[in-house]
Amino acid sequence: MNRRSVLRTAAGLLVGGPALALSRPAGAAVAADPTDGWQQTSFAYSWQKPWNLDLSERHSYSGGVHRMWVYATDEPFQEGSSTDPRTEMRWKVDYTTGDHMWDADVYLPSGSDGASFVQILRSVHPSGTPATDIMLNVYDTGGGTVRRYDGTVLRTGAYDTWFNVKIAHQASTGTGTVKVYFDDSLVLTVADRGPATRYFKNGVYDHGSGRAEARFRNIRYWTR
C-alpha cells in the first residue's frame, strides 16, 4: 500500500473538595458504561517507529503518559517501505472474531494535521478489501477535528485536552460492527470490512505535513 492510499480506502477525575450529591429526575435512566459486561484483559505490544531512529527519539514515558511524535520527513517503520512515517504501539493481540475494546485517554496537541492516532489494522484480509476496519484522524481545523478517516466528523475542539476514547469491535466470520465512544458517549456505529485477522494500533501515523504528536494514558483492553 502506498504512502497515501490508506486515507483513500474510505471516505480525571479532579478532586478539589467534598463530593456533591446531584439529584436526578424521577424515572431518569442512568447511562450504561460502555464497559458493562466486559472483562479487562492483559495485553502486550511492540513498537513501530522510524527504522533509522531509536525509540527514545520519538517517544517518552513519564507520569503514566506515553508521548509519541513523528515528522512527515521521517523514514517509515521498515527500510524500503512506501508507507507513511509513524510512532505507534502495535498491540500483540491478533483476533478474527469476538468482542474486543481499545480504551485510553487521548491528548492531541495543537498543530497535528492529517495524523491517525488509533486504528484497527487488518493484517490478513481477502485480496481487494481495505487494510483497516477504522482509523481515527485529527485535522487542524475547528480547534482540532477528529474524523473517521477523512470523512465523518466525530469531534471538534479536540486539541490540547484529555478525552477518553473507546473503540469496541464485535468481530464475526461475516461482517461485524465497530462502535466509537468519546467520554463514554456513543459517537459512531459502523460495519467493519468483513472477515480478517486484525489488531489495534495507537500512536501517530502521519499522513500530513510537519510534526504530529499524540499522548495516551490509562490504556486498557477489554474483552467479553
Item to check | Thr152 paired with Ser123, simple spin-label distance in nm, labels 7 Å along Cα-to-beta-carbon | outcome: 2.7
Checklist outcome for this item: Each label sits 7 Å from Cα toward the beta-carbon; between Trp162 and Ser60 the label points are separated, in nm, by 1.7
Item to check | Extended-chain gain in nm, criterion 0.36 nm per residue less alpha-carbon gap, Ala32 and Trp47 | outcome: 2.0 nm
Checklist entry - Can you work out the FRET efficiency for the pair Arg224 and Thr173, with r the C-beta to C-beta distance and R0 = 30 Å, to the nearest 0.05? => result 0.95
Item to check | Accessible carbon and sulfur surface of the chain relative to its total accessible area, %, 1.4 Å | outcome: 50
Checklist entry - Which whole-number value in Å² is the accessible area per residue of the chain, probe 1.4 Å? => result 48
Item to check | Relative contact order, percent, the stretch 100-190 [alpha-carbon distance under 8 Å, six or more residues apart] | outcome: 27
Checklist entry - Just one of (i) 210; (ii) 108; (iii) 146 is volume of the Cα convex hull per residue in Å³ calculated from these coordinates, so which is it? => result (iii)
Next on the checklist: Can you give me the C-alpha center-to-center distance between the stretch 56-105 and the stretch 114-129, rounded to a whole angstrom?
Outcome noted: 13
Next on the checklist: Sort 140-153, 109-122 by the packing proxy (mean of other Cβ within 10 Å over each peptide's residues), most packed first.
Outcome noted: 109-122, 140-153
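The values are calculated or read from the model by the stated rules, or taken from the named source; none is laboratory data. This is a predicted model, so every value here is computed, not measured. Ideal geometry is used to build each Cβ from the backbone, glycine not excepted, and the neighbour counts take in all protein chains shown. To get the accessible areas, we keep the full protein, side chains included, count just its heavy atoms, and leave off ligands, DNA and RNA. Shrake-Rupley method; radii C 1.70, N 1.55, O 1.52, S 1.80 Å.
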